[in-house]
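Presented below is the structure to which this report refers.
The values are calculated or read from the model by the stated rules, or taken from the named source; none is laboratory data. Everything numeric in this text was worked out from a predicted model, so none of it was measured. Positions of Cβ are generated from backbone atoms using ideal geometry, with glycine treated the same way; all protein chains shown enter the neighbour counts. Just the protein is used for accessible areas: all its heavy atoms, side chains included, with ligands, DNA and RNA removed. Shrake-Rupley method; radii C 1.70, N 1.55, O 1.52, S 1.80 Å.
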Amino acid sequence: MNFNPTMYRLSNGVTVILDPMDLETVAIKVLFRTGSRDEAPTEYGLTHFCEHMLCNSTARFASSKDRREFLDDHGGTHNAATGNDRLYFHGRILAENINVLIDVISDQLQNALFEPNKIDIERRVVIDELRRALDNPQRQFGDFVSEKLFNYATFSTRGLGTEELIQSFTRDQMIEFLGRRLSAKNCIIGISGRIIDPDAVLRHLETSFAFLPNRDVPENDAITYTPTIAHNSKPDKKNVVLSILFPDVWDATYENRFRNKCVGKFCLHMNRELFDVIRRENGLVYGFAGDGAGNEKFGLTGFNTQTAPENVERVVALIAQNAHKIYTQHTITDDDLRRMTCRNRLSRADWMESASSRCDKLIRFWRHFGRVFDLDADTQMSESVRRDDVIENARGFFDGPMSIITQGADFDVDLNAVWRDNFK
């Protein structure tokens, strides 16, 4: 399948990546590099609330229902989302109607009405979304991790705010906030699929997004890491969620891509070996996987699993013993790497065959590295990794200050001591 994406720059500074595919549809994503990490404490949840209102009424569409039905008439779908470092609008539509979806997204960003009665309705919706998040065990664990490890608000508070803050947001505050945070300079537009006339698409984007100002938008990357051994007690639970994390060996820079690919292969090998020991040989857990925390500026990598409270000590001991063996005896083989290459071809096909996934991949890569993703170079780099490369670049994986975060049923074990006593 062809892969030949091209980057363009609109006259006001918006980055555009066009990725032609032999399909009947086209996927579009408009992303702004701004999110909950960039909010002041009095603004927590404001990006998310603004997303709700941008998806509400405009002069053209009296409601989100009207917009949805209009897109239905043209074979299109549409949605929006926020994250720690992004606000984005995305959709998919029949290729001949690409300008319809472009206009819908542009209209939202430029002409949202922020009607007071609609704000009050969405305020109730967002508060309900917050309640659901706070009741969710996975969200509770994410909140606890961010509270204990990083110097910013908890996962839910950063993304959704608090009920008090949500109640306080005003129409003027939302409009002023978006005026500060949305710019052509922090906007990336990705389009993957059947692009019938690329020049015409670029001309239409030039007109549709000309309203965005060209100004710098500061990003908050002041994040620290405090290594912690901590338990989030949930006495009503029967299991314990366990996450063991270490600071990344290499920063996630463009120059470190090969090194990080080597470390990634080491982690994949280690996780599979540990899964065999802890589940297949001892039957202590249902699942075992790699884990991570942080953001694009700072990262932790490690393991995640769940087990009964009476098994926590044994599970951590087995992880430590076998991780040390894998790490020091260099158990990864050329055959392991060959099998990884075959599996990578399958996972690469998964996103290569999906316009939405390709669009996401291109935007993520540009957002992190400021470059267009080069599939051939990336594939060659990944397949060139040899056993000695993995051993060399994974050196130091366990040297950084460790954190062990648990949640669920209570137990009486010093997990730091268990790790120290067994990682040898």
Only one of (1) touching a residue at least 40 places away in the same chain (Cβ under 8 Å); (2) within 15 Å of THR224 (Cα to Cα); (3) more than 18 Å from the chain's Cα centre (by Cα) is not met by ARG123, so which one is it?
(2)
Any residue at all in the range 339-359 that's in contact with a Ser or Thr (Cβ under 9 Å, 6 or more places away or on another chain), touching a residue at least 60 places away in the same chain (Cβ under 8 Å) and among the charged types (D, E, K, R)?
yes
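This table checks each residue for (1) open to solvent by 20 Å² or more (accessible area, probe 1.4 Å); (2) more than 30 Å from ARG86 (Cβ to Cβ); (3) modelled with pLDDT of 95 or more.
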{"site": "LEU274", "(1), (2), (3)": "no, yes, yes"}
{"site": "ALA293", "(1), (2), (3)": "yes, no, no"}
{"site": "GLU296", "(1), (2), (3)": "yes, no, no"}
{"site": "GLY302", "(1), (2), (3)": "no, no, yes"}
Would you say ALA317 is modelled with pLDDT of 95 or more and out of contact with any helix residue (DSSP H, G or I) (no Cβ under 6 Å at 6 or more places or on another chain)?
no
Restricting the range 151-164 to residues that are assigned to a helix (DSSP H, G or I) and of a type in the set (A, V, I, L, M, F, W, C), which is surrounded by the most Cβ atoms within 10 Å (Cβ to Cβ)?
LEU160
Checking ILE93 against (1) touching a residue at least 60 places away in the same chain (Cβ under 8 Å); (2) more than 28 Å from LYS185 (Cα to Cα): exactly one of these is not met. Which one?
(2)
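Within the range 247-263, can you find the residues that are in contact with a Leu (Cβ under 9 Å, 6 or more places away or on another chain) and open to solvent by 50 Å² or more (accessible area, probe 1.4 Å)?
Matches in the range 247-263: ASP248 only.
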Residues that are surrounded by 15 or more Cβ atoms within 10 Å (Cβ to Cβ) and in contact with an Asp or Glu (Cβ under 7 Å, 6 or more places away or on another chain), at least 2 per element: which helices (runs of 4 or more DSSP H) completely within the range 309-424 meet that?
312-329, 355-369
Kindly establish whether GLY13 is among the small types (Gly, Ala, Ser), modelled with pLDDT of 95 or more and buried (at least 18 other Cβ atoms within 10 Å of the Cβ).
no
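Conditions (1) closer than 30 Å to ALA200 by Cβ; (2) of a type in the set (Asp, Glu); (3) surrounded by 15 or more Cβ atoms within 10 Å (Cβ to Cβ), marked per residue:
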{"site": "ALA95", "(1), (2), (3)": "yes, no, yes"}
{"site": "PHE114", "(1), (2), (3)": "no, no, yes"}
{"site": "VAL126", "(1), (2), (3)": "no, no, yes"}
{"site": "ASP135", "(1), (2), (3)": "no, yes, no"}
{"site": "GLN140", "(1), (2), (3)": "no, no, yes"}
{"site": "VAL145", "(1), (2), (3)": "no, no, yes"}
{"site": "LEU149", "(1), (2), (3)": "no, no, yes"}
So which residues in the range 74-105 are over 25 Å from the mean Cα position of the chain (by Cα) and acidic (Asp, Glu)?
GLU96, ASP103
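Starting from residues that are part of a helix (DSSP H, G or I) and in contact (Cβ under 8 Å) with a residue 40 or more places away in the chain, keep the ones in the range 52-66 and report whichever is surrounded by the fewest Cβ atoms within 10 Å (Cβ to Cβ).
Here the answer is HIS52.
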Search the range 22-44 for residues that are over 26 Å from ASP103 (Cα atoms) and pair each with any residue that is surrounded by 23 or more Cβ atoms within 10 Å (Cβ to Cβ) and among the aliphatic types (A, V, I, L, M) when their beta-carbon atoms are under 7 Å apart and the residues are at least 6 apart or on different chains.
GLU39/LEU46
Of the criteria (1) of a type in the set (Gly, Ala, Ser); (2) assigned to a helix (DSSP H, G or I); (3) open to solvent by less than 20 Å² (accessible area, probe 1.4 Å), which one GLY179 fails
(3)
Quick check on this structure: which one of THR34, THR77 is buried (at least 20 other Cβ atoms within 10 Å of the Cβ) and outside any helix (DSSP H, G or I)?
THR34
Can you tell me which residue within the range 184-224, out of those that are at pLDDT 95 or above, of a type in the set (S, T, N, Q) and open to solvent by 60 Å² or more (accessible area, probe 1.4 Å), is farthest from LEU109 (Cα to Cα)?
ASN214
Can you tell me how many residues in the range 340-353 are within 18 Å of the chain's Cα centre (by Cα) and among the polar types (S, T, N, Q)?
1
Taking the residues in the range 225-244 that are among the polar types (S, T, N, Q) and touching a helix residue (DSSP H, G or I) at 6+ places or on another chain (Cβ under 9 Å) as candidates, determine which candidate is least open to solvent (accessible area, probe 1.4 Å).
SER243
Given the residues ARG358, ARG371, ARG367, which is the only one that is at pLDDT below 95, within 24 Å of the chain's Cα centre (by Cα) and more than 16 Å from THR333 (Cα to Cα)?
ARG367
Spot the failing condition for ASN84; the list is (1) under 30 Å from SER354 (Cβ atoms); (2) open to solvent by less than 20 Å² (accessible area, probe 1.4 Å), and only one is missed.
(2)
Log entry, pairs with first residue in the range 366-392 being within 18 Å of ARG86 (Cβ to Cβ), second being of a type in the set (Val, Ile, Thr) and open to solvent by less than 80 Å² (accessible area, probe 1.4 Å), beta carbons closer than 6 Å, six or more apart or on different chains, reads TRP366/ILE188
